[in-house]
Amino acid sequence: MSDIICQWLNVELRLSKVTEPYSFTRDFANGYLIGEILHRYELQDDFHLFSKQSTANAKLNNFTRIEPTLQLLGVPFDLAMAKAVMQGRQGAATHLLYQLYIQLQKKKKSGLTATAMEVMQPAATARLHRVENSIYTEHRQARRKQHEIMIQIQSAIVQIPKPPHARTSRASDKQLQFRKKQEVEPMSTVDKEQWNKEYIESIRQRLEEDSAAREQREMRRRRALMEQLQAHEAQQEVLREEQMVSRLMRQTQQEKRITVQLMQIKQQKEVLRQNRIFQERQYQERRLRDFQEALDREAVLAQQERLERSEEIRMERELHKQLVAERAQARYRKHFEICRGILEQIVDLATKAGEYRLLTANLIPVKLMQEWMELFFNGKPLYEVASVDPAPADPTPEQIIELEKLHILNNQDYNEYVAMKGEWVWHEEGESQAPPVNDILDHVLSRLQSLIVPLSVSTPPPLFPRFTIRACMLGKSYSGKTTCLAKISNGRSFCFIILNQYWSLRAQRGAAVEQALRTGKAVPDQLLVDIIVDAIRNIPADSGWILDGFPVDFTQAQMLEKALNRTESDQAETKTHSNSATDKNSPKDPPPPSPALDLVVLLDISDEQVLERAAHQAVILHDSSMHHKMRSLGLLSFFCLFVCFYRISGFHETWPKLEKWFGDQQNILVKIMADVDEDTLFSNVKIVLMDTMDSVEKGAALGHSRKMSTSSSAEHTRPESACSAKSKSATPKSAGRRYVEEPLPKEIPVYLVPYWENVCNSYVTNVKTVMQNLRSERELIIHHLYNIRENFRQYLQKTDLKQEFVSAWQRDYNSVPDNIREDEETKGELHQRLDDLRERLWDICDKRKEEAEQERAGVIDDGWLDDHTAVLINHYSALMQIEVGRFQDSLCLLRDYYTAMCKTAFPESTRGFTRVPLIDITVLAETQQREEEEGDEEQKQMEAQRVQTSNSATDNRKAGKKKGAPTPQQEPSPQPVVEKNPEEVKRKAERKRIKQEFTAALKREEHAVKLRLELIKAHALRTVSSLQQKAEQAYRNMEEWLGTRFLSEMNSIDQLTELVRQHIENGVQIHHELVLQSADFCVDGDTLVVASPSPAPRRSPLEQSRNSTLTVQQLHILCTQLRKTAPAGQNQHYSN
């Protein structure tokens, strides 16, 4: 970098002093060479004022003058940089020169002068530099003037000499003479007095003289100062006269120069005028030529713009086709995924059914198939995807699926159990029975609930005035909605609502909209609906309204329906507090409310037509932007055209649901083709609106009459219970019952309602838990029975030692020499050996049969069946305990309720809380042996009891016949009437009614719990008996497999014996291996156990010579010799 700078300074600029890299710090410390560099580039006009000295004033002068120029160039130069260069710090001058070199090279390339750079400089920066320079210049001039004045004042001051000390010396001399005279001549008293007077007089005189001298000195000092001032004023006056004379003389010379300059300027002005006229003529010609060129250029640009617009339209159409294809592909993928999921579920269902057919021997339980179908209809996988035992605290997505499956199955089992359907249906003498309903308990719970939460009075619908039409117009962008509505609203008594125009109706709504838009989010749907409702409220009565482009999606349509009709489409059902079963005689649900809109008009238009209209609108906006020089408007039009694609795509996504909502469900949708001219579209829409308005006016009277009839019939219906949603209206027997409703203390409902809610929640949870345990136990039983069957089958298929004995016997048999096989004794010996082999094989079969029977007995006696039977009984006992506990909780609730009304305590049950005992599985094995021992004794006792009971029954029948009908009781004699207090009589009557109602409620609850317990008992017996039957069937199958296997093995041994006896009688060896595996016998034809005879010896490959016949080898040798002798095939000796 230093070499580049040195070459630039010494070669290119040729400064007055040759510089070297090591002398930069010293050469540029005073700033003179920097000013010379700037002067070479015509940037430093005051270079003649620079100083080459190295004093502080010279450095300050030089750097002060170059600072504005460096600031103009953009070189960073401040006080710290100036001090660093002045003090000669290492690298400071080099860094400054490098920055200056870069900026000067840029200035050289741009070809700008100092004036141009000042003009191009920002106004604020230039003004700041001018202010700084002017302040610094004024400060220097003020300091110079002050220094000159001080020099002049110092030169004008006159030094006044001090007066001599003559008076002081004379006084001392006189005093000395007086002392000498006094010493020489002693003085008398008169003389002393005279002397004192003279002395005092002299002192007074001397004081007067001193005061006169002081006055004279003061007058002389003032005179001297006045003379100095007059001399200074005279000097200043002379200086001013000289300056005035010099100025007057200079002004005269200037006037002469000005005269000459005026003549020159006049001539120059004439030349400039002529030049300007010529230049104006040239400018005029240039303007005409430029105008013509601009017209041609605009024509070319317009043509190019048309081509570009046509190309953009083509590209946009291609993009639209691509978006349509992508949307179709996405729809295809969606449908494919749906079909794939359904197919996978069907395959899972088929494989699951096949698997359980294998597990249950083609006897799949109906309940299991119902569970699979429920999961299939809910879209859940049939196979387990994750384990949820124990319940995870933070479940994974797979575990969440498993938990949802459990929830679905638990709800299904609970609903069947509560409604007594499916496998929980009650069958008694071939008739089914519905779950009992306790209307008294329902009334109690309804009253308690109403005391805590009073029945909410339904809020009246919003007070909207009567409208002639309520409609909305939907469609794609540029379909003509706003244009048609604007034409129709002129001269008609209805208005159309555009959402954007009503955002500022209320300050609160507008602030919410502005806040949502500023944060970059969409305006909430509820806020849009509120704005629409506010706008509708402000529309006068007997007029109509049409919404322009609203609602956009299905969510907005539902919210608008809810806001205009005040209907809850998705009201959640309350919890069941009394009975979980539903009443078949309950009234049907009320019909859905009428639609909030009278008409929905869809302006149907193709996507290509929308794009053409958008392109046409964009061209109009672009032309207007070119005409007004507003490029932003043109860019905005192109942006709107680009956004049009996404609006079309969004309409295709949201319209199917809206079409189903307005067309299929509400039947208020009318489609009008919008790809026609404006007048035709206007007339079609007008006809549809007029027809709708006529139908609305005709149906107003009919709707009013229907409303009156509905309100009159509603007065005679009894409202449903507020405490339960599933317990519907009372049964026909209790429809006319009047319940006791005495006042209750406030704390009773507050305590009983949460208590009953906890009872119901615990009841539902416990029942679902028991159902889940029963399902798990059922799965375990199915898999266990299949496993024991398969394990026993595999046990029967295990290998034994029969093949080894057969192979050894076959080797011994084949080792017998062939020459003695025909001997009768040998045959007898071989038959004896065969009988021994058969006996041994029979022993092996018997032993395997005994082992298999022991294995089967071990499976039967392992206690698994008893344990799981006990587990099932415990689960059903827990379910009974749940029902008993709920009955006791109901009893406590009713007792507390009626006790509070009667104000007298009802007698409590002395039995206490009933608990259903469970079976201890650990003790079950010990008690089983005792039961077997005591079984005989119990049978004997039961037979004796049967005899006694039969005898007692016959005796009772005989006694009844002898006794006859009971004698009627005599009526008591009437007692005298005693007058009683009517209030006390009424109180007793109320207490009696309370007791009767309490007793009736208890009886119904008792009947319900007994029915439930009998149902659980019957279901438990069916389940246990089914388990016993399945286990016995599995044990029978094992026994059948064992017998079949034993018979097959004995048959295979007989076949082996028969084959071997044939070979013995024929006297031949058994060449192939005899195979006896498990229950199968065969002869392996691929395996030989006897060595085959050796083949005949091979003949020698050499040919033997016979008599005079040559061998082949001799012939080959002869041929070779002949070829050597006569290669050409002819002997030359014989040829010559």
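Any idea which of TRP842, SER815, GLY858 is furthest toward the positive side of the dipole for the stretch 753-865, if Lys and Arg beta-carbons carry +1 and Asp and Glu beta-carbons -1?
The residue sitting farthest along the positive end of the dipole is GLY858.
Accessible area, 1.4 Å probe, largest first: how do PHE291, PHE792 sort? Before the final figure, lay out each step's value.
Working: PHE291 125, PHE792 5 Å².
Largest accessible area first, the list is PHE291, PHE792.
Kirkwood Rh over alpha-carbon pairs of the stretch 738-838, then Stokes-Einstein at 4 °C and 1.567 mPa s: what D in µm² s⁻¹, rounded to an integer?
D = 58 µm²/s.
Ignoring ligands, DNA and RNA, how do ASP691, ASP604 rank by accessible area with a 1.4 Å probe, largest first?
From most exposed to least exposed: ASP691, ASP604.
Once you wrap a convex hull around the alpha carbon atoms of the stretch 308-438, what is its projected area averaged over all directions, in nm²?
Its Cα hull, projected and averaged over all orientations, spans 16.5 nm².
Only four residue types carry charge here, +1 at the Cβ of Lys and Arg and -1 at the Cβ of Asp and Glu. Report the dipole size of the stretch 258-309 about the Cα centre in Debye, rounded to the nearest 20.
The calculation lands at about 360 debye.
Keeping all protein chains in position, work out how much accessible area TYR383 exposes to a 1.4 Å probe, and write it in Å² to the nearest 10.
Rounded to the nearest 10, the figure is 80 Å².
Per the 1.4 Å probe, what fraction of the accessible area of the stretch 367-450, in percent, lies on carbon and sulfur atoms?
Ligands and nucleic acids excluded, carbon and sulfur give 53 percent.
Could you order the peptides 221-230, 80-89 from most to least packed, using the average number of other C-beta atoms within 10 Å per residue? Numbers along the way, then the final one.
Working: 221-230: 11.3, 80-89: 16.0.
Ranking the peptides 221-230, 80-89 by packing returns 80-89, 221-230.
Choose one of ASN758, LEU801, ILE781: the residue whose Cα lies farthest towards the positive end of the charge dipole of the stretch 744-810 (beta-carbon charges +1 Lys, Arg; -1 Asp, Glu; about the Cα centre).
Positive-end residue among those listed: LEU801.
Sorted by accessible area with a 1.4 angstrom probe, largest first, how do PHE336, PHE47, PHE28, PHE377 fall?
The ranking, largest first, comes out as PHE377, PHE336, PHE47, PHE28.
For the charge dipole of the stretch 290-419, defined by +1 on Lys and Arg C-beta atoms and -1 on Asp and Glu C-beta atoms about the Cα centroid, which residue among TRP372, PHE336, SER310 has the Cα displaced farthest towards the positive pole?
TRP372
Using the heavy atoms of the protein chains alone and a 1.4 angstrom probe, what is the accessible area of the stretch 1-116 per residue in square angstrom? Walk me through the numbers on the way to the answer.
Values: 6220 Å² over 116 residues.
Each residue of the stretch 1-116 exposes 54 Å² on average to a 1.4 Å probe.
Cα gyration tensor of the stretch 245-346, axes a ≥ b ≥ c as square roots of the eigenvalues: rounded (a/c below 1.5), prolate (a/b > b/c) or oblate?
Numbers: a/c = 22.39, a/b = 3.41, b/c = 6.58.
In terms of gyration-tensor shape, oblate.
Can you give me the distance in nm between label points at VAL245 and GLU233, each placed 7 Å from the Cα along the Cα-to-Cβ direction?
In this crude spin-label approximation the distance works out to 2.2 nm.
How large is the dipole of the stretch 1-115 about the Cα centre if only Lys and Arg carry +1 and Asp and Glu carry -1, each at its Cβ, rounded to the nearest 20 debye?
60
Which values of log₁₀ I(q)/I(0), to two decimal places, follow from the Debye formula for the stretch 746-904 at q = 0.09, 0.19 Å⁻¹ with a uniform point scatterer at every Cα?
Here the Debye-derived log intensity ratios amount to -0.63, -1.15.
Taking all protein chains in place and a 1.4 Å probe, what share, in percent, of the accessible surface of the stretch 201-339 do carbon and sulfur account for?
That share works out to 56 percent.
Over the heavy atoms of ARG289, what accessible area does a 1.4 Å probe trace out, to the nearest 10 Å²?
Taking all protein chains as shown, ARG289 has close to 120 Å².
When all protein chains stay in place, what accessible area (Å², nearest 10, 1.4 Å probe) is found for SER310?
For SER310, solvent-accessible area is about 60 Å².
I want the local charge near ASP664. Using Cβ-Cβ distances under 14 Å, sum +1 for each Lys or Arg and -1 for each Asp or Glu among the other residues.
Details: positive: LYS657, LYS660, LYS671; negative: GLU659.
Net local charge, ASP664 excluded: +2.
The values are calculated or read from the model by the stated rules, or taken from the named source; none is laboratory data. For clarity, every value in this text was computed on a predicted model and none was experimentally measured. Counting neighbours? That spans all protein chains shown, and the Cβs are built from the backbone with ideal geometry, glycine included. Note: accessible area is taken over every heavy atom of the protein model, side chains too, but ligands, DNA and RNA are not part of it. Shrake-Rupley method; radii C 1.70, N 1.55, O 1.52, S 1.80 Å.
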